[in-house]
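Just so it is clear, none of the values below were taken in a lab; they were calculated from the coordinates. Remember, it's a predicted structure, so these values are computed and weren't measured experimentally. We place every Cβ from the backbone using ideal geometry, glycine too, and count neighbours over all the protein chains shown.
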Amino acid sequence: MLKPILTEEQLKQINIWLSDCTHFVICAHLSPDGDAIGSSLGFASFLRSLGKEVTIVMPNQFPEFLHWMSGTDTILLADRDTEQVKEAFAAAEVICCLDFNDLSRIEELGEIARNSSADFWLIDHHLDPGDFSKVSVSFPNMSSTCEVVFRIIYQLGGFGTMTKEAAECIYCGMCTDTGGFTYNSNSSDIFFIISLLLEKGIDKDLIYRKIYNNYSANRVHLMGYVLYEKLQVLEDVHASYFTLDREELERFQYIKGDAEGLVNIPLTIKGMKLSISLREDLEKNRIWVSLRSVDDFPCNKMSEAFFNGGGHKNAAGGHLDCSMGEAIELVKKAIHEYKPLLLEKNSY
Ligand code: 5GP
Ligand code: MN
């Protein structure tokens with residue numbers, strides 16, 4: 001059995017929304033990942049089964065390897081479908097914020113949302129939820145927003161009518177946010193939920209292939225290039241980093257999502273504790289930072305302190321508005337500052 005996660009007080013407000021409101025908007029974070037898309041589609045399916053009008057909005061495009069999920073073709077993008085998005089937010093009675101903890105994480109879309117008179121319903125698993133929602137269902141210890149969404153649907157009695165397609169979306173986010181159940185995934189509840197999703201007829205092996213064995217040849221070549229030519233391994237401090245500038249990305253005909261997961265690979269080196277990637281934006285003068293770690297090394301703290309970002313203990317992101325040279329210096333400084341933690345013995 002799954003323990004209920006919604007409090008009596010939250011249930012009261014949610015039941016008011018579910019009985020009195022018709023227009024719901026669901027939005028998730030910038031550069032949406034599997035958890036953002038999966039949780040949004042899974043939750044939309046639940047709300048639609050209750051007869052609600054639901055519009056799903058993302059700040060910008062999501063990677064090609066997530067397009068197989070049922071309903072992705074209905075998702076509006078704020079930077080492409082701006083007028084429709086404004087209309088949806090203006091008509092919204094409830095705005096469901098999934099997989100992010102603060103309106104600042106959705107950039108310009110946050111402004112549009114703030115101007116709406118709708119109530120906010122936060123559903124998330126990032127630390128430090130902002131104080132902007134009427135109901136905040138925030139569980140930083142959970143694997144994914146998809147897990148939180150599943151538990152909400154389950155508690156509200158919506159599991160019976162959950163479709164196979166919605167179950168696939170929820171499984172996808174649980175899978176991607178745990179690296180295919182290789183980190184952040186030791187809770188037995190996760191596997192209980194998976195057993196329920198399997199009862200809906202999902203093919204988890206096929207979903208794995210759709211997520212992880214769905215690359216272009218360019219991406220595989222980019223991966224080889226990064227690992228062979230770009231990876232800087234600082235063996236003495238158990239850390240590594242690599243950079244990708246615009247020219248290199250263009251050389252490998254980079255499309256959104258192609259760099260996804262590359263930052264995880266250096267962690268397969270024995271004893272490696274921290275991996276950082278620096279990727280130049282294709283248009284604006286910005287460098288996107290990704291951090292991954294093992295054990296207790298706090299990527300989120302390092303990102304907050306050095307890279308204008310945050311996230312989870314073992315997976316965080318941020319950005320820098322400077323040259324690649326300056327960004328590399330900052331990475332070296334951050335690694336130096338965290339040297340004592342990096343030198344602590346790994347758990348194996
Ligand atoms: P990624 O490296 O895949 O971009 O991000 C890894 C994790 O860190 C994701 O869970 C993402 O939500 C979070 N994250 C990425 N960028 C930021 C940021 O700028 N601020 C915060 N708070 N979290 C971030
Ligand atoms: Mn997530």
Gyration tensor (alpha-carbon) shape descriptor, the range 242-314, a/c threshold 1.5: oblate
In the range 36-80, the trypsin sites (Lys or Arg not before Pro) that sit in a DSSP loop and have at most 13 other Cβ atoms within 10 Å of their own Cβ are 80
Work out the length of the dipole vector of the chain about its Cα centre, built from +1 on the beta-carbon of each Lys and Arg and -1 on the beta-carbon of each Asp and Glu, and round it to the nearest 20 debye. 780 debye
Extension gain, residue 53 back to residue 206 (0.36 nm per residue minus Cα-Cα distance, nm): 52.0 nm
Per 10 angstrom bin, beginning at 0 and ending with the bin that holds the maximum distance, the Cα pairs of the range 194-257 fall in percents of 17, 32, 24, 19, 8
Gaussian network model of the chain, springs between alpha carbon atoms under 10 Å - residue of 76, 41, 234 with greatest fluctuation: 234
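Over the range 27-156, what relative contact order in percent results from Cα pairs under 8 Å that are six or more residues apart?
Once normalised by length, the contact order is 24 percent.
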Mind checking the angle between helix 8-20 and the chain's longest principal axis? C-alpha axes, 0 to 90 degrees, to the nearest 10. 60 degrees
3J(HN,Hα) from dihedral phi, the range 286-298, Karplus parametrisation 6.51/-1.76/1.60, rounded to Hz, x for glycine, proline: 8, 10, 8, 10, 10, 10, 9, 8, 10, 6, 8, 5, x
Taking Cα pairs under 8 Å and at least six residues apart, what relative contact order does the chain come out at, in percent? 12 percent
Extreme residue, positive dipole direction of the chain, given options 291, 43, 181 (C-beta unit charges): 181
In whole angstrom, how far apart do the alpha carbon centroids of the range 9-36 and the range 260-301 sit? 31 Å
The range 1-113 - convex hull of the alpha-carbon atoms, volume per residue in Å³: 121 Å³
Expressed in Å to one decimal, the Kirkwood Rh of the chain from all distinct alpha-carbon pairs is 20.9 Å
Packing-wise, with mean Cβ within 10 Å as the measure, how do 289-299, 247-257, 11-21 rank, highest first? 289-299, 247-257, 11-21
Just name one of 319, 190, 262: the one whose Cα is farthest towards the positive end of the charge dipole of the chain (beta-carbon charges, Lys/Arg +1, Asp/Glu -1). 190
Hey, what number do you get for the chain at 222 nm if only DSSP H runs of n ≥ 4 count, each worth -39500 (n - 2.57), divided across all residues, to the nearest 500? -11000 deg cm²/dmol
Between residue 21 and residue 323, the two model label points (7 Å from Cα along the beta-carbon direction) sit apart by a distance in nm of 4.9 nm
So how far, in whole Å, is the C-alpha centre of the range 155-186 from the one of the range 194-249? 21 Å
